[in-house]
Amino acid sequence: MIHRREFAMAGLSATALAALQVAGLAEERKTAGAAAPVDSFETCARACSDCQRECDLCATHCAERMGQGESHHQATLMSCRDCADMCSAASHIAARHGAFVDLVCQSCADACSRCAKECQLHGKDDKVMMACAEECLKCEKACRTMLTHTGARERP
């Protein structure tokens with residue numbers, strides 16, 4: 001039979017072990033993927049998430065403009081939808097420090113660059129489209145910064 005004192009010691013030991021494990025996990029997160037600081041993952045994930053939402057908003061805006069007879073918005077609509085999907089994937093993978101973060105960030109940066117150019121080309125006087133282009137450029141920069149921390153080489 002376990003006495004009260006032995007039970008208390010077992011409980012304290014379990015608590016101490018749990019505290020050490022939590023401290024170890026915290027230290028592991030600080031140095032996650034020695035090549036890429038945690039801040040880079042988080043900054044990239046946030047930028048991608050922000051860009052995804054802005055691209056979705058811009059795609060909806062372009063659909064509305066197409067409904068008003070402005071067919072030249074179709075290219076931007078398609079670009080924004082594809083970019084939003086790329087950003088969504090990149091955000092998820094960067095947030096979980098995924099093994100393929102270099103692949104998805106390279107693709108996301110390229111998609112954001114192309115989407116920004118499309119929005120700038122067709123929306124010079126359009127606040128929604130220019131906001132999308134600006135967000136795409138921020139996301140592209142965050143992804144390219146992430147790539148420098150992962151040690152991945154950018155494709156030409």
Per residue convex hull volume, Cα only, the stretch 41-85, in Å³ is 45
Computed for the stretch 37-150: size of charge dipole around the Cα centre, +1 on C-beta of each Lys and Arg, -1 on C-beta of each Asp and Glu, debye to nearest 20, value 120
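Each reported figure results from applying straightforward, stated rules to the coordinates on display, with no laboratory input. Computed from a predicted model, the values in this text were never measured in an experiment. Counting neighbours? That spans all protein chains shown, and the Cβs are built from the backbone with ideal geometry, glycine included.
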